[in-house]
1. Output the residues belonging to the stretch 35-87 that are of a type in the set (S, T, N, Q) and crowded, with 16+ Cβ neighbours inside 10 Å.
2. Among the residues that make up the stretch 15-29, is at least one of them surrounded by 13 or more Cβ atoms within 10 Å (Cβ to Cβ) and under 23 Å from Asp131 (Cβ atoms)?
3. Take the conditions exposed (fewer than 13 other Cβ atoms within 10 Å of the Cβ), closer than 17 Å to Val100 by Cβ and in contact with a His (Cβ under 8 Å, 6 or more places away or on another chain) and apply them to Ser3. Does it pass?
4. Confirm whether Val23 is under 15 Å from the mean Cα position of the chain (by Cα) and of a type in the set (Val, Ile, Thr).
5. Can Glu139 be described as surrounded by fewer than 16 Cβ atoms within 10 Å (Cβ to Cβ) and at pLDDT 90 or above?
6. Output yes when any residue across the stretch 80-88 is among the acidic types (Asp, Glu) and within 19 Å of Leu4 (Cβ to Cβ), and no when none is.
7. Which one is modelled with the highest pLDDT, of the residues in the stretch 80-131 that are over 18 Å from the mean Cα position of the chain (by Cα) and of a type in the set (Ser, Thr, Tyr)?
8. Based on what the data block shows, is Leu90 of a type in the set (A, V, I, L, M, F, W, C) and loosely packed, with under 15 Cβ neighbours inside 10 Å?
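The values are calculated or read from the model by the stated rules, or taken from the named source; none is laboratory data. Only a predicted model underlies this, so the values are computations on that prediction, with no experimental measurement involved. No Cβ is skipped: glycine too gets one built from the backbone with ideal geometry, and neighbour counts run over all protein chains shown.
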Amino acid sequence: MKSLTVGDIMVREPTALPPHATVGRAREELDLGRIRHLPVIDKDGMLAGIVSLRDLLVAGDDGLRLDEIMTSDVKTVGPETPAHEAAYLLLRFPIGCVPVTDSGGRLLGIVTETDFVRIAYVHMGGQVPVDQIEAEEREAENV
């Protein structure tokens, strides 16, 4: 059996914002996408940093720019990295995601704790398809 790589499980073309975007805008994007991590990229698509929902909540001021609150020392992996190495980073450091970049630092995707929980769910015999679970979660929010 082939070992999973980050490229096999990452979310491609994740929602990302420029450094000059505001905390308020980032909160809107997180709510809209139902996500908890947002890469910050420059005009050339290069990873500049990352903000999490927690960062936005701590910031408080919706008018702050992302480059004022983002984490710029970000752990990254390439798409060819074995998935277990990305999982190790999530276990070893207080982070909830790992951006995926090419060798030049251009953002290609993101892998999160949720991606690994989905894999575990399937491998532990989960019977309900993951997309059905996600649809049920969206319905519950709209009730």
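1. Hits for the stretch 35-87 are Ser52, Thr76, Thr81.
2. There is at least one residue in the stretch 15-29 that is surrounded by 13 or more Cβ atoms within 10 Å (Cβ to Cβ) and under 23 Å from Asp131 (Cβ atoms).
3. So Ser3 fits the description; yes.
4. No: the conditions fail for Val23.
5. no
6. Taking the stretch 80-88 as the starting set, the residues that turn out to be among the acidic types (Asp, Glu) are 80, 85.
Cutting the leftovers down to within 19 Å of Leu4 (Cβ to Cβ) gives us 80, 85.
The answer is yes; a qualifying residue exists.
7. Selected residue: Ser103.
8. no
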